[in-house]
Structure formats: structure tokens, C-alpha cells
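A.B. asks: Quick one: structure below, then a few questions.
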């Protein structure tokens, strides 16, 4: 497995090029509460996040490395504990982005999405 993460690319219309010079990681900042919890030693509880929209998907040619961009939250990695879990979560994320359905998801202390419901 790899730790490569999604990155925002510059607007091609403004720069004339789609080549990014940023490191391979999400550039959106996590919510302030998550930062405070991480600085205090990490989140030790399961958190349900409700009523969100998926506005982007990202994956790369690496085993179990898929991310979703949650509106108002930023990039969140999908659980990589099994092939079937990451495929199912990626499919749910793609459907949520396509239909702009409401998403409720469960995020564990590892900051990954482990369960997702899409309406």
C-alpha cells in the first residue's frame, strides 16, 4: 500500500498547463475540530458525519488508495482494510457524486471512511 494522496490541480484555463507542482496529498485543510483532536493525541472514537455531498473522487494505480472530497470537509481516505471494502466505498462515492445524493458516513480514529450511506 502507498500513502499517495490526491492533490488539487491548477485551473488549466488560467495557467495553460495541467501540471501541478504541489506534493501528492490533499491540499484542503481538515475541520478545526479534527485538527484539535489530532494535536491532542488523535480521535479515539467513531464519528458519524451526516448530510454531506461528495464533490470529487480520486484514486491512483496503487493498491487500496481511493479518496473522496466531502463538501465542507475536504479529502477523506476510504477504508483500505480489504479489496471489497474499498471497491464498495468507491462505488458508493461515485454514485453520490454523480447523483449529488446526501451522504452519511462513519469515520474511525484512523480518519478513514469505513461505512457510507447514500440517498
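A.B. asks: Can you pull the one-decimal nm distance between simple spin-label points at residue 46 and residue 81, each 7 Å off the Cα toward Cβ?
C.D. replies: Computed distance between label sites residue 46 and residue 81 equals 0.9 nm.
A.B. asks: Moving to a separate point now. What order do you get for 115, 62 when you list them from fewest to most C-beta neighbours inside 10 Å?
C.D. replies: Neighbour counts put them in this order, fewest first: 62, 115.
A.B. asks: Sort 46, 4 so the one with the fewest other Cβ atoms within 10 Å of its own Cβ comes first.
C.D. replies: 46, 4
A.B. asks: Length gain on complete extension for the stretch residue 119 to residue 63, per 0.36 nm per residue less the alpha carbon to alpha carbon distance?
C.D. replies: 17.3 nm
Quick note: the coordinates plus some simple rules give every number you see, no bench work behind them. Predicted model only: the values in this text are computed from it and were never measured. No Cβ is skipped: glycine too gets one built from the backbone with ideal geometry, and neighbour counts run over all protein chains shown.
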